[in-house]
Each structure stands twice: as structure tokens, then as C-alpha cells.
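Reading through the C-alpha cells given below for one structure.
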Amino acid sequence: MAVSQQLRDGLIGNIPSLRAFAYSLCGNPTRADDLVQETMVKAWANFSSFQEGTNLRAWLFTILRNEFYSQMRKKGREVEDADGMIAERQAVLGNQESHIELEELKQALNQLPDDQREAIILVGASGMAYEEAAAICGVAVGTMKSRVSRARKRLAEMLQRDEFELAV
Amino acid sequence: MPCIAGLCKMDGGAAASCGELMKKPTHSSTSAGMLPDGQRGHGPDPVVEEAIGRQLRKLYDDVASEPVPDRFAELLRQLEQQDGKG
């Protein structure tokens, strides 16, 4: 079945957000773009099941999210990211303070439970409404709100402690 | 009048504010969950929260505002060709 021009344009228009979502989730630029590529291939193959007029971004984000977790189950995240983070950390030494802060945030995000990490990325980083984020993750809006709130609290605890350790 | 919430035991400051609390219809309205973060004793520092919010948006927006790499235009071409053949 041919993909409509509207869907094609919608897919192209969503690539920047998909890349940002993927990068925020996995913390590795190459892997993030691989995830986006997989998402586009899957979306293209399944456009017939997409209801035109409904939220395309949420549909695409859902595909990317499922792909991310399915890869994580297969390959694991820990080892790969630990290596990547050490390399990046060395690269930013001596750089501007804001870069180091961003690295610290990425490390803290990496330590959150999966459900809290995706919640804070969708709502806190992408600026999505609780309702849309809840639909993407397949949970109730109240559940999404509580995950975001726990993630905020946990991040603040981790980064506040870092700040303290740096100060002493 | 004895304070049924037991807040008066804490210190002089708490005793003074307890009078305020007693004027409210129920004590449940003063539970920690009803107070804004800044007024909670153990809540996250609002300055830290604000900084985290800013960095989270930066993490996302930095990538979202990058030009889309060529590989995706190439991918679209391949997907469309595939459709043309199918």
C-alpha cells in the first residue's frame, strides 16, 4: 500500500523529535539514530494500521519506545553506556561548566528506573502533556504524573548530593 | 487550648503557627501533600529543580534543533522505492 503524502511529510517532520527522544533515552548519538531508523522502517511498514487524523507523534514515539526496550532486552544497556559515558566524561573535562552539568544529568537519568526515566524525558524534557506521555507509555494519566514527580525528586536528590560532594 | 495535631511540641515557631492551622476547617488540608514544594521541610530545593528542568530541556532541544542527517533522506528514498516495486 502506498504511503500518503501527508503521512510521509508527518514522518519527516517528526524526525527531529524522534532523534531527541531517542538520544535522551539511550544517551548515545549513534545508537539514537539507529533507533530512529528502525522506527521509521517499522512505521512505514505499519502505516496501514495508523488511523489518519490521530496523533502521529505519539504513534511514532510509541514505536521508538518499544524498539528501545526490545533492543535493551536483547543487548543490554549497562555495559555499552558505561563505556560511552567514560569516554564522554573525559572529553568534557576542562570544558564549560554547563557541559559538565549536562553530563551529570545524563548519568543521573541513567540511574533512574526505566519507567521514571521515560516519564521525565517525555514530560520534563520534550514538554509533552501528561495525557500524551501516558498514552505513549500505555499507563493512566495519574500514573504518569506520579512517575514524573518521583523522577524529579530522585534527580534532585542525586544532583544535589553531587553538588555537595563537589563543594567539599 | 491543647493542639490535637501535636505540632505545638515542636518549638515556639511551630506553636505560633499552630494557631493558624487550628483556624482551618480540617487538619488534613495542611498535610505535606497540599503544600507547594518550597514550604515542605524535606522537598527538593526549588533552585536545583529549576536547574534540572532547564538541563532536561537543553538535552532534548539541542538534538531536536540539529539539522536532520542525510541518512534519513536516503532511508526515505529507499522506503519509497520499495513501495514502488511492491
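How many partner chain Cβ atoms sit within 10 Å of a residue's Cβ in peptide B:63-75, on average, as a whole number?
Working: counts 13, 11, 2, 5, 1, 7, 6, 0, 4, 9, 2, 0, 6.
Going residue by residue through B:63-75 and averaging, the value is 5.
A 24 angstrom limit on the alpha carbon distance is what I want to check against. Which of A:K75/A:K145; A:K42/A:K145; A:K42/A:K153; A:K42/A:K106; A:K106/A:K153 exceed it?
Values: A:K75/A:K145 30 Å; A:K42/A:K145 29 Å; A:K42/A:K153 35 Å; A:K42/A:K106 28 Å; A:K106/A:K153 16 Å.
Long pairs (Cα-Cα over 24 Å): A:K75/A:K145; A:K42/A:K145; A:K42/A:K153; A:K42/A:K106.
Going 7 Å from the Cα of A:V139 toward and past its Cβ, which residues in the stretch A:27-70 have a backbone nitrogen under 20 Å from where you end up?
Output list for this probe position: A:27, A:58-70.
Considering the Cα trace of the stretch B:44-86, what is its radius of gyration and what is Dmax, both in angstroms?
For the stretch B:44-86, the Cα radius of gyration and maximum Cα-Cα distance read 19.2, 59 Å.
If I model a spin label at A:T30 and A:T62 as a point 7 Å from the Cα along the Cα→Cβ vector, what separation in nanometres do I get?
3.3
Express in nm, to one decimal, how much length is gained between A:D9 and A:Y69 on full extension, taking 0.36 nm for each residue of separation and deducting their alpha carbon distance. The partial results should precede the final answer.
Values: separation 60, 0.36 × 60 = 21.60 nm, distance 2.67 nm.
Separation in residues times 0.36 nm, less the Cα-Cα distance, equals 18.9 nm.
Say each of A:T54 and B:Q81 gets a label point 7 Å from the Cα, pointing the same way as Cα to Cβ; how far apart are those two points in nm?
It works out to 3.3 nm between the two label points.
What does a probe at B:A73 reach in the stretch A:16-45, counting residues whose amide N is under 16 Å from the point 7 Å along Cα→Cβ?
Within reach of a label on B:A73, which here means backbone N under 16 Å from a point 7 Å along Cα→Cβ, the stretch A:16-45 contributes A:16.
Taken together, the values in this text are just the output of simple stated rules run on the coordinates, not laboratory data. Just so we're clear, the structure is a prediction, and the values are computed from it rather than from any experiment. In this analysis, Cβ positions are derived from the backbone assuming ideal geometry, glycine residues included, and neighbour counts consider all displayed protein chains.
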